[in-house]
1. Between region 97-116 and region 43-72, how far is it from one alpha carbon centroid to the other, in angstrom?
2. Starting from the Cα of Ala23, step 7 Å along the direction of its Cβ; do the same at Asn42; then give the gap between the two resulting points in nm.
3. Given a 1.4 Å probe, how much area per residue of region 1-156 is accessible, in Å²?
4. Equivalent ellipsoid semi-axes for region 250-327, as square roots of 5 times the alpha carbon gyration tensor eigenvalues: give them largest first, rounded to whole Å.
5. Express the relative contact order of region 60-194 as a whole percentage, based on alpha carbon pairs under 8 Å and six or more residues apart in sequence.
6. Quote to one decimal, in nm, the extra length available between Arg321 and Leu157 on full extension: 0.36 nm per residue of separation minus the C-alpha distance between them.
7. Ignoring any ligand, DNA or RNA, what whole percent of the accessible area of the chain comes from carbon and sulfur when the probe is 1.4 angstrom?
8. Over the Cα atoms of region 83-162, Rg to Rh with Kirkwood Rh, two decimal places?
Amino acid sequence: MKVFVTGGAGFIGSNFVRLLLQAQPNCRITVLDALTYAGNLNSLRDLQSQPRFRFEHGDIRDSRLVNSLLAGHDAVVHFAAESHVDRSISDPTAFVQTNVEGTVVLLDAARRLGVSRFVHISTDEVYGSLGPTGLFSENSPLAPNSPYAASKAASDLLVRSYHETFGLHTVITRCSNNYGPYQFPEKLIPLFITNAMHDEPLPLYGDGLNVRDWLHVEDHCRAIARVLEAGQAGEVYNIGGHNEQTNQAITALILRALGKPDSLVRHVQDRPGHDRRYAIDASKIERELGWRPRFDFAQGLAETIAWYQANAAWWEPLRARAVEAQRAAANRIGAGH
Ligand code: NAD
Ligand code: TDX
């Protein structure tokens, strides 16, 4: 099988490419990635000499490029996106351009070229926010609250339309928050690990009691590999870790693991439109495709912290850009939210 992976130089994409090359000795992978601030060839360094792997630098919105590169592939796994909620509040346009326009370019090329599977990597954020109880199912209404989530929901609807109108074999996955190696240090877990290692403040938004359902990236990637293999056309599969944690609890775990004091925590003004709680009902993928998460959160977080400790050469050069995102968030808050 020849698989075309967009966004393969990002966090989840790079983990997925590594996993698929290992799990399926006969597959060949082409990665198309624009290498934005979030894309990093160092995340794929160990694969560069692998003959079944090819990297192409380019933008998913470039329809000529996409059409010429995609020819001859059996499947698309589409990760490429602007993915950080805070950046979507500072600059929503970039999110519409990549997440919506980019997705339609890919869908159209896949349709024209007769690609037999299109797996679209979406997010639980399209469902909006939960109260203290309940879970998101695949039938929960779409109610996105951030420009990021709205752009992902729009792309999900385009994917749906290409199945309904053109009969393209599409599958959508909606996963909860991921953590693990190679995550850009602007997201909660790697930002707090790397700031704590530098004895710098950990900016906890609002009361710190927002809840996310954390899943190790390797568990997510195994689920995507299963969906690529056996997902049914036109279906949506939720993916989650049965692992709800408040941001405050995660902060405490990171500080304790690194032997750092609670005084590093700074309660800062809340993110506008901040979703209170996400939690996933993953029973459909468990039942229909036999997938289950393997990582225990305490073990996965400890391994992730150890990975950041051992791989400062990967993340140190990225910190300046992560700090930029924090400054943009601070300016936005200062400007009236
Ligand atoms: P990321 O920001 O780490 O990586 C995104 C990648 O896409 C980067 O390599 C970037 O260079 C590339 N890219 C961006 N714009 C592009 C363009 N126009 N053309 C080509 N490449 C482009 O993101 P991630 O955390 O790995 O997320 C991957 C996907 O999974 C996204 O679609 C995201 O919505 C979804 N998702 C993420 C999470 C999470 O917790 N991180 C959870 C659920 C779903
Ligand atoms: O500095 C911070 N302080 C803080 O309190 C940051 C960066 C985040 N937070 C909070 C906001 C959220 O409640 O931590 C939680 C997690 O924040 P992020 O890491 O920014 O993730 P989130 O907004 O939940 O979105 C993530 O999960 C779903 C990914 O970034 C998305 O791409 C994915 O779709």
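The values are calculated or read from the model by the stated rules, or taken from the named source; none is laboratory data. Since we're looking at a predicted model, the values are computed, not measured. Backbone-built Cβ (ideal geometry, glycine too); neighbour counts: all protein chains shown. Just so you know, the surface numbers come from the protein's heavy atoms only, side chains and all, with ligands and any DNA or RNA stripped out. Shrake-Rupley method; radii C 1.70, N 1.55, O 1.52, S 1.80 Å.
1. 15 Å
2. Each label point lies 7 Å from its Cα, and together they span 2.8 nm.
3. 39 Å²
4. 29, 20, 15
5. Rounded, it is 28 percent for region 60-194.
6. On the way: separation 164, 0.36 × 164 = 59.04 nm, distance 3.17 nm.
The Arg321-Leu157 span can extend by a further 55.9 nm.
7. 49 percent
8. With Rg and the Kirkwood Rh in hand, the quotient comes to 1.02.
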